[in-house]
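Read through the structure below, which is laid out as structure tokens, and then see the notes.
The values are calculated or read from the model by the stated rules, or taken from the named source; none is laboratory data. Every value quoted in this text rests on a predicted model; they were computed, and no experiment measured them. Don't worry about glycine lacking a Cβ; one is built from the backbone with ideal geometry, like all the others, and counts go over all protein chains shown. What goes into the accessible areas is simple: the full protein's heavy atoms, side chains included, and nothing from ligands, DNA or RNA. Shrake-Rupley method; radii C 1.70, N 1.55, O 1.52, S 1.80 Å.
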Amino acid sequence: MIIVFGSVNVDFVTRVDAIPRPGETVLGPFYDVIPGGKGANQALAARRAGADVALAGAVGRDPFADIALTLLKHEDVDLSATEKVDAPTGAAFITVDAKGENAITVASGANAEARATSLARSEEHTSELQSQST
């Protein structure tokens, strides 16, 4: 099993003609709200490549957590070491220009509260389940 310890975010992505300069406001025609985060993306890629994957991290107790975790749940990534905490789910604000260049601002939120101890609790839970099934 591959264990990924990393960030879980909800990404707000908008396309614009040009990335704004400091102090400038530009308009985008729409935006997408999608699951993201470096850890979540790595876990999803490994799972889609056929590996058994667990993700350790943290999300908030807010509606964005469901969005951030949706693809991971759909692909059966083990989320038993991903905790819900009182901080808001991490968010990334991504602006993509006509050439495909981007500018990203990340608000860490719950990711800053992810702890390695969640892995130990997850391992204990997995051991309990395995002993119950034998």
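When the residues of region 82-111 are narrowed to those that are touching a Gly at 6+ places or on another chain (Cβ under 6 Å) and not in a strand (DSSP E or B), which ends up surrounded by the most Cβ atoms within 10 Å (Cβ to Cβ)? Show your work before the answer.
Taking region 82-111 and keeping what is touching a Gly at 6+ places or on another chain (Cβ under 6 Å), we get 82, 87-90, 92, 108-111.
Then keep just the ones that are not in a strand (DSSP E or B); that gives 87-89, 108-111.
Working: 87: 18, 88: 17, 89: 26, 108: 16, 109: 22, 110: 28, 111: 24.
Top of the filtered list is 110.
Residues are listed down the side, and each one gets a yes or a no for (1) aromatic (Phe, Trp, Tyr); (2) modelled with pLDDT of 95 or more; (3) closer than 15 Å to residue 3 by Cβ:
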site	(1), (2), (3)
61	no, yes, no
77	no, yes, yes
92	no, yes, no
133	no, no, no
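Under the condition of being outside any strand (DSSP E or B) and open to solvent by less than 70 Å² (accessible area, probe 1.4 Å), which residue from region 25-38 is nearest to residue 57 (Cα to Cα)? Full working, then the answer.
Narrowing region 25-38 to residues outside any strand (DSSP E or B): 25-30, 37-38.
Still in the list and also open to solvent by less than 70 Å² (accessible area, probe 1.4 Å): 26, 28, 37.
Working: 26: 34, 28: 32, 37: 10 Å.
Top of the filtered list is 37.
What do you reckon, is residue 17 in contact with a strand residue (DSSP E or B) (Cβ under 9 Å, 6 or more places away or on another chain) and either of a type in the set (Gly, Ala, Ser) or not in a helix (DSSP H, G or I) (or both)?
Details: in contact with a strand residue (DSSP E or B) (Cβ under 9 Å, 6 or more places away or on another chain): no; either of a type in the set (Gly, Ala, Ser) or not in a helix (DSSP H, G or I) (or both): yes.
No.
In this structure, is residue 11 of a type in the set (D, E, K, R), at pLDDT 95 or above and loosely packed, with under 13 Cβ neighbours inside 10 Å? Walk me through it before giving the result.
Working: of a type in the set (D, E, K, R): yes; at pLDDT 95 or above: yes; loosely packed, with under 13 Cβ neighbours inside 10 Å: no.
No: the conditions fail for residue 11.
All but one of (1) in contact (Cβ under 8 Å) with a residue 24 or more places away in the chain; (2) loosely packed, with under 13 Cβ neighbours inside 10 Å hold for residue 22; state the number of the condition that does not hold.
(1)
Out of region 39-81, which residues are part of a strand (DSSP E or B), open to solvent by 40 Å² or more (accessible area, probe 1.4 Å) and not acidic (Asp, Glu)? Spell out the reasoning first.
Here is the first cut: in region 39-81, the residues part of a strand (DSSP E or B) are 53-60, 78-81.
From what is left, the residues that are open to solvent by 40 Å² or more (accessible area, probe 1.4 Å) are 78, 80.
Matches in region 39-81: 80 only.
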